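Scroll down for the structure; my scribbles are underneath it.
What follows draws every value from the coordinates through simple rules; no lab data is involved. Source: prediction; values computed, not measured. Ideal geometry is used to build each Cβ from the backbone, glycine not excepted, and the neighbour counts take in all protein chains shown.
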Amino acid sequence: MRFHLEILALFLALIAGCAGSMSLSPESPGHITADDSDSGAGFSWDSTQPDSISCKLRDQFDPPAEYKWYPDILETNKVVVEQMYLTSTNGNQIFADVHRPKWASADMPCSALVLVPGGTQKGEVWHVPWRRSGSNHWAAAGFIVMDFDFQGRGKSEGVEDYYGPTHREDLKTVIEYCASRPDVLPGGVGLVSSSFGVTVCSCTLGAYPDLPARFFIDLEGAQNRQVATQFDDPTWIGYWGGHPTSDDAFWDEREAITYQPFITAAYIRVQSDTDHAFDYFYVDHAIQMCNAAFLGSSPYVQMNHNPPNQLLDELYEETYQYEDLDIIDESLFMYVIEASVSEF
């Protein structure tokens with residue numbers, strides 16, 4: 001990544017200083033109505049539902065020679081939000097939001113992001129009012145951004161699968177649809193996950209290495225069943241539908257570290273020194289995920305702004321650079337900006 005740390009610090013300061021004054025209220029075509037609720041970032045679903053969309057990849061195309069996309073983090077764009085249903089491979093309907101700059105089109109395409117929530121949350125968690133970097137922030141910077149509800153959650157059909165094989169198919173469908181849009185630049189979609197979301201992202205990218213995903217940014221995800229359940233803590237087992245680590249049939253399909261060596265996208269881990277889930281210094285999961293990608297098929301691996309493409313040693317974990325948990329949301333914004341303009 002080629003941004004100098006001085007420029008990064010300036011960008012972070014600008015974003016932090018302007019966060020309160022940025023106007024990110026999306027304009028709403030079609031099927032969205034404004035309301036004052038906290039869910040849906042100020043929008044609610046009306047009675048006119050959109051048609052189902054079956055995913056079909058478009059042919060690659062080259063934008064006009066004089067056109068060059070770049071993220072605009074200093075001057076925000078007007079954001080438009082579209083809502084739709086995509087058809088997953090089992091025929092069930094997945095509800096999705098598309099956040100995009102108003103000007104995005106086939107003549108002026110831009111980079112794209114697919115966002116995956118943590119826990120068993122719905123896609124709307126990426127555009128709740130308290131979030132300091134999310135769907136509307138990246139759309140205002142010039143990205144096409146998709147967040148969505150996995151089957152069994154929110155407005156989607158089906159039953160909860162706790163990031164298992166069915167949810168892998170959901171994510172595959174969303175990534176393929178996003179890459180197929182004419183307002184998205186060719187070359188692959190960026191993938192961003194939070195916490196438990198790493199499970200479905202690593203498993204999907206590993207199971208389908210030919211997916212059009214260019215980079216995967218993982219925000220403090222659990223690498224295996226022990227960390228995901230906080231070593232069989234009953235409360236955390238409950239988050240996974242009551243499945244303890246002894247349930248091999250369940251967990252063999254849901255450990256990110258198993259699939260991590262097979263991902264072919266660039267892998268960037270964002271990790272604080274005080275992990276959000278453990279609430280103390282715990283970074284073993286970050287180091288293990290980076291090493292699995294580095295020793296596997298990923299063309300580029302980096303933890304925070306430490307030197308990329310190196311094997312990390314847990315014996316020296318305290319010497320590596322970590323993000324500040326208090327501002328990790330803003331840091332995540334900049335990691336996406338950097339990845340979008342980097343060559344891997």
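Listing for the model above:
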read-out	value
Region 236-251 - phi-based ³J(HN,Hα) in whole Hz, Karplus 6.51/-1.76/1.60, Gly and Pro as x	6, 4, x, 5, 9, x, x, 9, x, 5, 6, 7, 5, 4, 7, 7
Estimated Rh, region 191-324: Kirkwood, alpha-carbon pairs, angstrom	14.8 Å
Selection from 123, 246, 165 lying farthest towards where the dipole of region 100-247 points positive, charges on Cβ	123
Equivalent ellipsoid, region 98-234 (semi-axes from 5 times Cα gyration tensor eigenvalues, Å)	26, 16, 14
P(r), alpha carbons of region 231-307 - 10 Å bins starting at zero, rounded %	17, 38, 36, 9
Orientation-averaged projected area, Cα convex hull of region 78-164 (nm²)	6.1 nm²
Amide H within-cut-off set for residue 150, under 5 Å, with H built and near neighbours excluded	123
Stretch gain in nm, segment residue 235-residue 131, where the contour uses 0.36 nm per residue and the Cα spacing is subtracted	34.9 nm
For region 270-344, radius of gyration divided by Kirkwood radius, i.e. Rg to Rh on alpha-carbons	0.96
Label-point gap, in nm, between residue 105 and residue 316 - each point 7 angstrom along Cα→Cβ	5.3 nm
Segment residue 274-residue 341, length gained on full extension (0.36 nm per residue, minus Cα span)	21.2 nm
